[in-house]
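Below is one structure; the comments refer to it alone.
The values are calculated or read from the model by the stated rules, or taken from the named source; none is laboratory data. Source: prediction; values computed, not measured. Methodologically, a virtual Cβ is constructed for each residue, glycine included, from the backbone with ideal geometry; neighbour enumeration extends over all protein chains shown. Calculation scope for accessible area: heavy atoms of the full protein, side chains included, ligands and nucleic acids excluded. Shrake-Rupley method; radii C 1.70, N 1.55, O 1.52, S 1.80 Å.
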Amino acid sequence: AIRSGGCGRCPGMAEAAGDAGPGPELAAVIGATVPTGFEQTAAEEVREKLGSASRISRDRGKIYFEVPARSLPQVHRLRSVDNLFVVVQEFKDYQFEEKKEDALKHLEDLVKKLPWTDPLKVWELNNSLKKKKTKRKKHNLQSPASREKLSDGGEEGGADQNTTNGQEDCAQNPVAVEPTSGQDAETPQGETSRNGVEEEEDNEQPDVAVGVQAGSERGTQAGASEAGAGEAKVLRFRVTCNRAGDKHSFTSNEAARDFGGAVQEHFQWKADMTNFDVEVLLNIHNNEVVVGIALTEESLHRRNITHFGPTTLRSTLAYGMLRLCDPQPTDIIVDPMCGTGAIPIE
């Protein structure tokens, strides 16, 4: 049996308990971003393939469902979801302070109170699955005969975590927005999140990923503590904030910066905007706050098509359309002007 050891601040900190009985199975609340308007379609797929009920978020384009951690491979094979993250904690009615300094201080203090242990175990398990998949793909390339065997196992391509340089998620847009009521006016630093959903609301703030500056006070403290600890592997992280609403006294940039600083102090991780191991998500929609850890590096809609033209339909959208059509084995589907074949492939 395994029980969490020590303070539970760092992943992998577990110790054997020989006298303890079998513990409860590790479960995870998974958040998934889906094409806006297809939330119900995605929820039906989750119920059909995983047997789990889904809750559709008030923040459009997201659903949440609970599954045992051993079901992660099946979660990655879902056809209607773009990005996945494990929920650390959700606050449905978070009361923000009116003063910006107080509101940001409360977000900082929140880091120490969050139940990080189980979500980090799920993140570690997800990483081990990705490593196995990478090895399997390499073996596939070396052995053409084995390719047919793997293709019999279903939609393995649905979980591909393609990290080819130069390929960015089509949902990502450059973060340059005009000031509107309730919207962050400055151009945030860093990349937009891979876990964002395209929105058209005036008060929607694009995802902002913020790392702590290396020369900052927190960065200096973390560097000193890392040198003293002599750890073999210090995890690199970034915090991505997605904020929507017009009643917040702070910007996404400021929330990600201060929350990220607290995460760095709590775990003694190293902030890195581009080559990160862990992406911590801070999703704020009016008074709803969700903290999560990303499980996908890029959108799962890239599972089949390697080159996207200017009019290529995303695989998740094509799947949602076809699921609504409910095609039967004897039906004939005609797709004139099929382009790169997104609909026929699905």
Flagged pairs (Cβ under 8 angstrom, 6 or more apart or on separate chains; first in segment 233-251, open to solvent by less than 10 Å² (accessible area, probe 1.4 Å) and at pLDDT below 90; second part of a strand (DSSP E or B) and aliphatic (A, V, I, L, M)) are 244/284; 245/284
Residue 314 fails exactly one of (1) surrounded by fewer than 18 Cβ atoms within 10 Å (Cβ to Cβ); (2) among the basic types (Lys, Arg); (3) not assigned by the TED database to the domain that holds residue 49, namely (1)
Scanning segment 41-55 for residues that are open to solvent by 80 Å² or more (accessible area, probe 1.4 Å) and more than 20 Å from the chain's Cα centre (by Cα), the one nearest to residue 70 (Cα to Cα) turns out to be 49
TODO: Would you be able to say whether some residue in segment 326-339 is at positive phi, surrounded by fewer than 16 Cβ atoms within 10 Å (Cβ to Cβ) and free of Cβ contacts under 8 Å to residues at least 24 places away in the same chain?
DONE: yes
Reported set for segment 56-93 where residues are in a loop (DSSP other than H, G, I, E, B), more than 12 Å from the chain's Cα centre (by Cα) and not hydrophobic (A, V, I, L, M, F, W, C) is 57, 58, 59, 60, 61, 77, 79, 80, 92, 93
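Quick one: which residue in 320, 292 is small (Gly, Ala, Ser), in contact with a Gly (Cβ under 9 Å, 6 or more places away or on another chain), open to solvent by less than 10 Å² (accessible area, probe 1.4 Å) and assigned by the TED database to the domain that holds residue 44?
Just a single option satisfies the conditions, and that option is 292.
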